[in-house]
Amino acid sequence: MQHFFINKNQKESDIIKIVGNDVNHIKNVLRCKVNEKIEISIIETEERYLVEILELNNENIICKVVEKIEENFESNLSLNIIQALPKADKMELIIQKCTELGVKEITPLELERCIVKLSGKDVNKKLERWQSIAETAAKQCRRSIIPKVNNLYNLKNIEEIIKKNDLVILAYENETENSLKDVINELKFKNLQQEISVAALSNFKEVTEIKKSDKKRRQDKYRNYNRSGRWIRRKRSRILKKIRCKISITW
């Protein structure tokens, strides 16, 4: 079933009004008819509804709520992927797959050795393009929210995000002792079990810095630091391919 997003002000009682680009997509691309049913999610509240089309107009589509869908499609974990800028259009694929896998935020990161360099108007155009891709992917996989693509960061100001999170994990290519599996098992089954449960329900995020050694001292500074001040064990480089499979990160 087709899925779309609306703002809170587009719903009045049991009537929903769809406007914007979705009107053309529903009417002329999908060729939906009156009495057909589609799914609608409200961006601000994450509420989800099954609705029936009442009117198909040139500027809007009027729908009536059939029922509220109570099933929760979103994870309790709030994941933020910090992704170094890859070559060509690979960032678009990363955003698409991360959206499909349940990530809630994607933060592009510009590093010293990134081939792609963005500035001025290029940044705004790219951010609009990436946000549009996240929205399209969210519709296709029927998510209740649209992941947010944050502004472009660098290692000088990334600490603003680091401080806001309960847990940060850094993919560090020079790690020689610990794997991602070791870290997860330690946090889940040992002394930090209660702490991680609280973090997972509040604001658990995974941050991954991908490019090769952009000044080792900075990597050491930001590796695996959480809000409580504990240093979390780092991941071994051999595990990076498994990360790519699980959360569709490339570098």
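The values are calculated or read from the model by the stated rules, or taken from the named source; none is laboratory data. Note that this is a predicted model, so its numbers are computed, not measured. Virtual Cβ from ideal backbone geometry, glycine too; neighbours counted across all protein chains shown.
Residues satisfying the criterion are present in the stretch 156-163 (criterion: surrounded by 14 or more Cβ atoms within 10 Å (Cβ to Cβ), part of a loop (DSSP other than H, G, I, E, B), more than 15 Å from the chain's Cα centre (by Cα) and not acidic (Asp, Glu)). From the list Asp214, Asp166, the one residue that fits, being modelled with pLDDT under 90, under 30 Å from Glu71 (Cα atoms), acidic (Asp, Glu) and in a loop (DSSP other than H, G, I, E, B), is Asp166. Scanning the stretch 59-111 for residues that are in contact with a strand residue (DSSP E or B) (Cβ under 9 Å, 6 or more places away or on another chain), part of a helix (DSSP H, G or I) and of a type outside the set (A, V, I, L, M) yields Cys98, Thr99. Here Lys104 passes the criteria (1) surrounded by fewer than 18 Cβ atoms within 10 Å (Cβ to Cβ); (2) out of contact with any helix residue (DSSP H, G or I) (no Cβ under 9 Å at 6 or more places or on another chain); (3) in contact (Cβ under 8 Å) with a residue 40 or more places away in the chain except the one numbered (1). Taking the conditions (1) in a loop (DSSP other than H, G, I, E, B); (2) under 17 Å from Ala138 (Cα atoms); (3) modelled with pLDDT of 90 or more; (4) not hydroxyl-bearing (Ser, Thr, Tyr) in turn, Leu50 satisfies each one other than (1). Evaluating Lys64 against the criteria (1) more than 25 Å from Ile133 (Cα to Cα); (2) crowded, with 16+ Cβ neighbours inside 10 Å leaves one unmet condition, (2).
All conditions in (1) crowded, with 16+ Cβ neighbours inside 10 Å; (2) aliphatic (A, V, I, L, M); (3) more than 11 Å from the chain's Cα centre (by Cα) hold for Ile115, with the sole exception of (1).
When each of Leu54, Leu85, Leu93, Leu50 is tested for being of a type in the set (A, V, I, L, M, F, W, C), out of contact with any Pro (no Cβ under 8 Å at 6 or more places or on another chain) and assigned by TED's automatic domain parsing to the domain that holds Lys164, the lone residue that passes is Leu93.
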